[in-house]
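Below: one structure, written as structure tokens.
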Amino acid sequence: MTDCIFCKIIAGDIPSVKVYEDDAVLAFLDISQATKGHTLLVPKQHVADLFAYDADLAATVFSRLPKIARAIQASDPAIQGLNVLNNNGEVAYQSVFHSHIHLIPRYGTDDDFSIHFGDHSATVTPETLETTAAAIRAKVVD
Ligand code: 5GP
Ligand code: ZN
């Protein structure tokens with residue numbers, strides 16, 4: 001896609017600092033470095049977000065995750081863990097609309113990275129859970 005910054009990185013038209021590449025995916029350092037080693041894994045094929053993946057593309061992209069995660073972990077003994085994050089849609093903090101997976105190494109609880117999961121369990125009942133799950137189940141298609 002001509003107007004896509006990650007397609008330009010994949011094509012080599014914009015420089016990037018690569019950590020892994022094969023025929024189907026590229027992994028490179030995120031310019032923001034939320035933490036040191038923050039890496040983006042992208043399919044070389046332009047696809048906007050996870051909603052547009054088919055099973056083959058999912059297998060291609062997600063099968064690369066563990067070895068890149070292990071390489072990041074092994075690259076620095078200070079790394080204690082790793083968050084994997086995939087934002088889909090502007091409301092979900094997606095800003096580049098070429099699908100990508102963030103791998104964010106963690107150096108402790110004061111490494112200036114956080115995720116907030118609101119706890120709404122007090123308002124949830126077995127009935128509301130079942131209604132929610134049924135609505136999702138009805139939409140699962142291969
Ligand atoms: P999103 O917000 O879409 O989940 O993440 C997009 C990420 O792409 C951001 O973390 C941002 O720092 C990164 N990014 C945007 N433009 C560039 C670029 O030109 N080069 C690199 N390496 N990262 C970029
Ligand atoms: Zn693209």
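The values are calculated or read from the model by the stated rules, or taken from the named source; none is laboratory data. Please read these numbers as outputs of a predicted model, since none were measured by experiment. Here Cβ is always computed from backbone atoms with ideal geometry, including for glycine, and neighbour counts include all displayed protein chains. The area values use the complete protein model at the heavy-atom level, side chains included, leaving out ligands, DNA and RNA. Shrake-Rupley method; radii C 1.70, N 1.55, O 1.52, S 1.80 Å.
Here the scattering of the chain is modelled by Debye summation over its C-alpha atoms, one equal scatterer each and no solvent; at q = 0.19, 0.22 Å⁻¹ the log10 of I(q)/I(0) is -1.18, -1.37.
Angle, helix 126-137 long axis vs. longest principal axis of the chain, Cα atoms, 0 to 90°, nearest 10? It works out to around 50 degrees. What residues of segment 65-91 lie in the reach of a label at GLN33, counting those whose backbone N is under 15 Å from a point 7 Å from the Cα along Cα→Cβ? Answer for this model: 76. Sorting LYS8, LYS18 by accessible area puts them as LYS18, LYS8; the probe is 1.4 Å, largest comes first, and only protein heavy atoms count. Roughly how many percent of the accessible protein surface of segment 5-111 is carbon and sulfur, given a 1.4 Å probe and a whole-percent answer? On segment 5-111, the fraction of accessible area on carbon and sulfur atoms equals 57 percent.
Would you calculate, for the chain, the mean residue ellipticity at 222 nm contributed by helices, counting each DSSP H stretch of 4 or more residues as -39,500 (n - 2.57) and dividing by all residues, to the nearest 500? The helix contribution divided over the chain gives -9000 deg cm²/dmol. Accessible surface calculations at 1.4 Å, restricted to protein heavy atoms, place the chain at 66 Å² per residue. The ILE14 and SER63 beta-carbon pair, evaluated with R₀ = 30 Å, returns a calculated FRET efficiency of approximately 0.70.
Of all the Cα-Cα pairs you can form in segment 73-132, what percent are over 17 Å apart? Cα-Cα pairs in segment 73-132 separated by more than 17 Å: 61 percent.
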